[in-house]
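Notes follow the structure.
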Amino acid sequence: MTTYLVTGGAGFIGSSVCEKLLIENNNVIVIDNFCDFYNPQIKENNIKEFTVNPNFKLYKKDIRDRQALKQLFDENKIDTVIHLAAMAGIRPSIENPCLYQEVNGLGTQNILEEMKNHNVKNLIMASSSSVYGNCKQTPFKEDMIVDFAISPYAATKKANEIMTHVYHKLYDLNVMVLRFFTVYGPKQRPDLAISKFTRLMLNNEEIPMYGNGESSRDYTYIDDIVDGVFKSCNYIEKYKNVYEIINLGDSSPVSLKEMIYTISKTLNVKPIIKQLPMQPGDVDKTYADITKANKILGYKPQVSFDEGINRFVNWFKENREMYI
């Protein structure tokens, strides 16, 4: 039985990954600080079913707390770390860049140090499509130069990719860096566009549309992301001397206008759109080349955007009281 430490394991992606790992009869340890970036009760709900599972253990601690991390590693024999904990969001990172550097930078450094000190060799780390910035060449390939971040959040993710490579070279850490492309689906954070727009449409409120609606995102359904993470775990536990950066996306960009229309069609409501200027830090387009993910992991997205929105809307209607 494999023991996984999932940082940020009570969040949207983290709790979805934990569910899959527990179904496969693994030991799962979660560290999450339940911060108030959004309603902490949402995270409590995300993991409430896990707490009765004897293979699940929760530490309500912060990855910036080095002593708490040391205690966690001292108390548990960990095989693989799935590092998902981070301060998320482009615009909030512009408003508070020091916090993002502290959590995403120092927090990740602390994880790496404890892995080194406790001889834990396997790391799956969440990066982001935001590292590509406004690269003109599409689709985005993992070997492209990504030295031109346009938000503090993106810069911290790029810095973490580099730091994990340092530990790979110095301490033989096996690393899979996964660049997630706009993940959506059940349990999605309330600040993310699909969740926010669904709520606003159901309440007959205005939809803020930044720009002319032509910007696009490579929306990737949560089940496909979880499948990519799970396949990455299998890969890193099979091979040695691994350092790979891999895109996990759908490879089918959807425009902002199309996203709004798809939600409105699914809800059978007419959106009230308020057009606003583009926001600083926002990229024009994200578009994943997933050739490498397919070749190395056998990763193949299964859920179309229309189907994913339909699943999300059905889930949201049953859980909307948490997202008011």
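The values are calculated or read from the model by the stated rules, or taken from the named source; none is laboratory data. The structure presented is a predicted model; accordingly, all values stated were derived computationally and were not measured. Cβ placement follows ideal geometry from the backbone for every residue including glycine, while neighbour counts extend to all protein chains displayed.
Mind listing just one residue for me: the one in the stretch 217-235 that is closer than 19 Å to residue 262 by Cα and not hydrophobic (A, V, I, L, M, F, W, C) and, of those, surrounded by the most Cβ atoms within 10 Å (Cβ to Cβ)? Explain how you work it out, then say what you get.
Taking the stretch 217-235 first, the residues closer than 19 Å to residue 262 by Cα are 217-222.
Adding the requirement that they be not hydrophobic (A, V, I, L, M, F, W, C) leaves 217-221.
Working: 217: 22, 218: 27, 219: 25, 220: 29, 221: 23.
Across the stretch 217-235, the extreme among qualifying residues is 220.
Being over 17 Å from residue 85 (Cβ atoms) and among the hydroxyl-bearing types (Ser, Thr, Tyr) is the filter here; which residues of the stretch 115-165 pass it?
Result: 129, 132, 138, 151.
For the stretch 286-324, what are the residues that are more than 17 Å from residue 201 (Cα to Cα) and of a type in the set (S, T, N, Q)?
286, 291, 294, 302, 304
Which of the helices (runs of 4 or more DSSP H) found entirely inside the stretch 85-172 contain at least 2 residues meeting this: surrounded by 23 or more Cβ atoms within 10 Å (Cβ to Cβ) and not polar (S, T, N, Q)?
By residue number, 107-117, 152-171.
Restricting attention to the stretch 273-310, report how many residues are charged (D, E, K, R) and buried (at least 18 other Cβ atoms within 10 Å of the Cβ).
2
Does at least one position in the stretch 174-190 carry a residue that is surrounded by fewer than 19 Cβ atoms within 10 Å (Cβ to Cβ), within 19 Å of the chain's Cα centre (by Cα), farther than 21 Å from residue 301 by Cβ and at pLDDT 95 or above?
No - not one qualifying residue is present in the stretch 174-190.
For residue 250, indicate whether it is in a loop (DSSP other than H, G, I, E, B), closer than 26 Å to residue 91 by Cα and at pLDDT 95 or above.
So residue 250 passes the test.
Determine which member of the set 295, 285 is in contact (Cβ under 8 Å) with a residue 40 or more places away in the chain and out of contact with any helix residue (DSSP H, G or I) (no Cβ under 9 Å at 6 or more places or on another chain). It would help to see each step written out before you state the result.
Numbers: 295 fails: in contact (Cβ under 8 Å) with a residue 40 or more places away in the chain.
Residue meeting the stated conditions: 285.
Is one or more of the residues making up the stretch 37-53 in contact with a Leu (Cβ under 9 Å, 6 or more places away or on another chain) and touching a residue at least 40 places away in the same chain (Cβ under 8 Å)?
There is no residue in the stretch 37-53 that is in contact with a Leu (Cβ under 9 Å, 6 or more places away or on another chain) and touching a residue at least 40 places away in the same chain (Cβ under 8 Å).
Among (1) surrounded by fewer than 24 Cβ atoms within 10 Å (Cβ to Cβ); (2) within 24 Å of residue 185 (Cβ to Cβ); (3) at pLDDT 95 or above, where does residue 51 come up short?
(3)
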